[in-house]
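Written out below as structure tokens is the structure these notes cover.
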Amino acid sequence: MCLWVPGRVIEVTKDEGLGLSYGKVQFGGITKDVNLSYTPEVTVGDYVVVHVGFAISRLDEEEAHKVFAYLEKLNALSELQIPEQK
């Protein structure tokens, strides 16, 4: 079973030579380097779904917090610190 958790984009870097986008995505207290090439529209502060190192879709903040609430009900977030909703 695959369980996905939305991650918040905290940095975006463009490789103009190759035309690729990379970034840092934060999942609670964990930060990962992610390829953003499949989601070129994302900006800092957006939430994304990541699979094997690639951001595959963008979520708005409200949807991301709904997912956090569902996962919390399932007690599936014990290892992550979930950001407070603004």
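The values are calculated or read from the model by the stated rules, or taken from the named source; none is laboratory data. Only a predicted model underlies this, so the values are computations on that prediction, with no experimental measurement involved. With ideal geometry, Cβ positions are generated from the backbone for all residues, glycine too; neighbour counts draw on all protein chains shown. To get the accessible areas, we keep the full protein, side chains included, count just its heavy atoms, and leave off ligands, DNA and RNA. Shrake-Rupley method; radii C 1.70, N 1.55, O 1.52, S 1.80 Å.
The modelled label-to-label distance for the pair residue 54/residue 66, using points 7 Å beyond Cα in the direction of Cβ, is 2.6 nm.
Between residue 30 and residue 14, the simple label model (points 7 Å from Cα in the Cβ direction) yields a spacing of 3.1 nm.
Rounded to 0.05, the FRET efficiency of the residue 41 and residue 75 pair, given R0 = 25 Å and the Cβ-Cβ distance, is 0.15. Amide H contacts under 5 Å for residue 59: 47, 48, 49, restricted to partners 5 or more places along the chain or on a different chain, H placed in the peptide plane at 1.01 Å from N.
Using the 1.4 Å probe convention, the accessible area of the stretch 1-59 works out to 60 Å² per residue with neighbouring protein chains retained.
Protection proxy ranking for 14-26, 43-55, using the average of other Cβ atoms within 10 Å per residue and placing the highest first: 43-55, 14-26. For the stretch 35-43, 3J(HN,Hα) computed residue by residue from phi via the Karplus equation (6.51, -1.76, 1.60; θ = phi - 60°) reads 7, 9, 4, 7, 10, x, 7, 5, 10 Hz, glycine and proline entered as x. Restricting the GluC sites (Glu not before Pro) of the stretch 24-75 to loop positions (DSSP other than H, G, I, E, B) with no more than 16 neighbouring Cβ atoms within 10 Å leaves 41.
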